[in-house]
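J.: Shown below is the structure under consideration.
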Amino acid sequence: MIPRWLYIPAALGAAFVLLPVVAIVVRVDWADFGSLITSEASKDALWLSLRTSALSTLLCILFGTPMAVVLARTSFPGQGALRSLVLLPLVLPPVVGGIALLYTFGRRGLLGEELDLLGLQVAFSTAAVVLAQTFVAMPFLVVSLEGALRTAGRRYDVVAASLGARPTTVFRRVTLPLVLPGLVSGAVLAFARSLGEFGATITFAGSLQGVTRTLPLEIYKQRETDVDAAVALSLVLVVVAVLVIGFARQGRSRL
């Protein structure tokens, strides 16, 4: 039982989120919808967004999972400061993130000379898109997984260790299965955030069709020249995001 008056602000909040989506649906030029979303540039942008978002989500899992475990299951001096730095991209303007990445991996950046010696040029490439998306999306996975780890507690880990299981075995056979729903939620949030990334990408990777121009960048470009195409592509991005979240919820309920 909850107070009935809570339904009023809840309904207003839901309307605030849903009305802009409805506005897009109403504004779409349905007569030419097919041609608007199937141009060569639009298909390139959508395919690039899906590929780079999948890669950045994989990087978030590979690096974010150990980070969440260290933050949730250990205690060391400076842990609070480290957590704040890890979560910094959540509150940092994406453009600032893009500039930071540019002055880290760019030719004149912190690692520019080393990357040049290895024959690698990261900035303004597809790799830069993946790095930018990973930079802004990883905190979502870390926050989700760290919360799941703290909720699960350590009792099952302690029992497994007392029975002779090695730390790696405990992590692989006990800890990860326990927090798998949290890991899935974090991965979905990371993918959705990567899919919608704009500021860091255009600053660090630029906007070159088929190479660095993801769907949000294509929408921004089309908004200046063809508003109908921008609205149609916006709806495509909304549908993709809703499908991703819907499939993730189904998968999580089965875990």
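J.: If you rank Arg150, Arg73, Arg51 by how much accessible surface each has, with a 1.4 Å probe, what is the order from largest down?
T.: Arg150, Arg51, Arg73
J.: Compare Val239, Val174, Val158 in a GNM of the chain, Cα atoms joined below 10 Å, and give the one with the largest fluctuation.
T.: With Cα springs under 10 Å in the chain, the top fluctuation among Val239, Val174, Val158 is at Val158.
J.: Expressed as a rounded percentage, what relative contact order does the stretch 30-176 have, with Cα pairs under 8 Å and six or more residues apart?
T.: Dividing the mean separation by the residue count of the stretch 30-176 yields 31 percent.
J.: Also, quick follow-up: How high is the relative contact order of the chain, in percent, with contacts defined as C-alpha pairs under 8 Å that are six or more residues apart?
T.: Here the relative contact order equals 30 percent.
J.: Now for a separate question. So with the 1.4 Å probe, I'd like the accessible area per residue for the stretch 122-247, rounded to whole Å².
T.: I get 45 Å² per residue for this part.
J.: With log10 I(q)/I(0) by the Debye sum over Cα atoms at q = 0.07, 0.08, 0.17 Å⁻¹ as the read-out, I listed (i) -0.25, -0.32, -1.28; (ii) -0.36, -0.46, -1.29; (iii) -0.31, -0.41, -1.30; which label goes with the value calculated from this structure?
T.: Answer by label: (iii).
J.: Leaving ligands, DNA and RNA out of it, rank Glu113, Glu40 by accessible area with a 1.4 Å probe, largest first.
T.: Putting Glu113, Glu40 in descending order of accessible area: Glu113, Glu40.
J.: Something else now. What ³J(HN,Hα) values, in whole Hz, does the Karplus curve 6.51 cos²θ - 1.76 cosθ + 1.60 give for the stretch 173-182 when θ = phi - 60°, with x put for Gly and Pro?
T.: 9, 10, 5, 4, x, 5, 9, 4, x, x
J.: Follow-up question, since we're still on this one. Can you show me the helix-derived [θ] at 222 nm for the chain, built from DSSP H runs with n ≥ 4 at -39,500 (n - 2.57) apiece and divided by the number of residues, rounded to the nearest 500.
T.: Helix contribution divided over all residues of the chain: -24000 deg cm²/dmol.
J.: Between Thr74, Thr201, Thr65, where does the largest GNM mean-square fluctuation fall for the chain, given springs only between Cα atoms within less than 10 Å?
T.: Largest GNM mean-square fluctuation: Thr74.
J.: Test of understanding: what is the full-extension gain from Leu58 to Thr38, defined as 0.36 nm times their sequence separation minus their Cα-Cα distance?
T.: Roughly 4.4 nm would be gained on extension.
J.: Could you put Val179, Val69 in order of accessible surface area, largest first, with the 1.4 Å probe and the full protein assembly present?
T.: Most to least solvent-accessible, the answer reads Val69, Val179.
J.: Just to verify a number: FRET efficiency for Val91 and Arg150, C-beta to C-beta distance, R0 = 22 Å, to 0.05?
T.: E between Val91 and Arg150, to the nearest 0.05, is 0.55.
J.: Quick check: residue separation of Arg223 and Leu12 times 0.36 nm, minus the Cα distance between them. What number comes out in nm?
T.: Once the chain is fully extended between Arg223 and Leu12, it gains 73.0 nm.
J.: Between Ala161 and Phe247, what is the FRET efficiency for a Förster distance of 25 Å, r being their Cβ-Cβ separation, to the nearest 0.05?
T.: The computed FRET efficiency comes out at 0.10.
J.: Determine, from the Cβ-Cβ distance of Val211 and Phe76 and an R0 of 35 Å, the FRET efficiency 1/(1 + (r/R0)^6), rounded to the nearest 0.05.
T.: 0.25
J.: How many Å³ per residue does the convex hull of the Cα positions in the stretch 49-149 occupy?
T.: Each residue corresponds to 118 Å³ of Cα convex hull volume.
J.: Now for a separate question. Run the 1.4 Å probe and let me know the accessible area of Tyr220, rounded to the nearest 10 Å².
T.: Its heavy atoms expose roughly 100 Å² to the probe.
J.: OK, next. With a 1.4 Å probe and every protein chain left in place, tell me how much accessible area Ser84 has, in Å² to the nearest 10.
T.: It works out to around 70 Å².
J.: Which residue, Ser56, Ser35, Ser234, tops the fluctuation ranking in a GNM of the chain built on C-alpha contacts under 10 Å?
T.: Among Ser56, Ser35, Ser234, the largest GNM mean-square fluctuation belongs to Ser35.
The values are calculated or read from the model by the stated rules, or taken from the named source; none is laboratory data. As the structure is a prediction and not an experimental result, all values here were calculated from the model. Neighbour counts are summed over all protein chains in view; Cβ atoms, including those assigned to glycine, are modelled from backbone coordinates with ideal geometry. Heavy atoms of the whole protein, side chains included, go into the accessibility calculation; ligands, DNA and RNA do not. Shrake-Rupley method; radii C 1.70, N 1.55, O 1.52, S 1.80 Å.
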